[in-house]
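*Asks:* This is the structure I want to talk about, given as structure tokens.
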Amino acid sequence: MALTFIFEELNFTPHPEVEGAFESELFFDNNWGLRVFCGTNAYTFNETEIYSTANEYSEYEYWIHKPIDFIPLEEGQTIGPLTKEEIIEVATEIKNRPWVQGWSPGGVGE
């Protein structure tokens, strides 16, 4: 049975240094992770409108935490802009991937 994902599972927090910017990071039970951005910190589009919550934005972008060959986020690695519905599709696909042995979130790896 496929696992479902809803947009509200993303717990957006304000970016500490950029006004109108939000990000959410979550890790799934299969050892994959997803980071979603919106607002004025976007890499893939030029957002000029500043909102007080992430839910007010209509465009988002994401980056996948890969369990193997982990590479820190750098400019040019995010995918977007996408709508909320497209983010839900991406997150659902990632959530339903098979479990993969790899690095452990919060760990330093070996």
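The values are calculated or read from the model by the stated rules, or taken from the named source; none is laboratory data. Note that the structure is predicted; figures quoted are calculated from it, not measured. Every residue, glycine as well, gets a Cβ built from its backbone with ideal geometry; the counts of neighbours run over all protein chains shown.
*Asks:* For region 46-71, enumerate the residues that are part of a loop (DSSP other than H, G, I, E, B) and modelled with pLDDT of 85 or more.
*Replies:* Selection gives ASN46, GLU47, THR48, GLU49, ILE50, TYR51, SER52, THR53, TYR57, SER58, GLU59.
*Asks:* Okay, next question. Could you give every pair whose Cβ atoms fall below 8 Å, whose first residue belongs to region 1-14 and is within 20 Å of TRP63 (Cβ to Cβ) and charged (D, E, K, R), and whose second residue is surrounded by 15 or more Cβ atoms within 10 Å (Cβ to Cβ) and modelled with pLDDT of 90 or more, counting only separations of at least 6 or pairs across chains?
*Replies:* GLU9/LEU26; GLU9/ALA91
*Asks:* Among the residues of region 1-36, which ones are in a loop (DSSP other than H, G, I, E, B), at pLDDT 85 or above and over 13 Å from ILE87 (Cβ atoms)?
*Replies:* THR4, ASN11, HIS15, PRO16, GLU17, VAL18, GLU19, GLY20, PHE28, ASP29, ASN30, TRP32
*Asks:* Here are the criteria: (1) of a type outside the set (Ser, Thr, Tyr); (2) closer than 30 Å to GLN101 by Cβ; (3) at pLDDT 85 or above. Tell me which single one GLU74 does not satisfy.
*Replies:* Just one mismatch for GLU74, condition (3).
*Asks:* Still on this structure, please answer the following. Any residue in region 82-102 that is within 13 Å of LEU10 (Cα to Cα) sitting within a Cβ distance under 6 Å of a residue that is part of a helix (DSSP H, G or I) and of a type in the set (Phe, Trp, Tyr)? List the pairs, counting only those 6 or more apart or interchain.
*Replies:* LYS84/PHE7; ILE88/PHE7
*Asks:* How many residues are hydrophobic (A, V, I, L, M, F, W, C), more than 21 Å from SER58 (Cα to Cα) and in a helix (DSSP H, G or I) when one looks only at region 83-102?
*Replies:* Residues that pass the stated criteria total 1.
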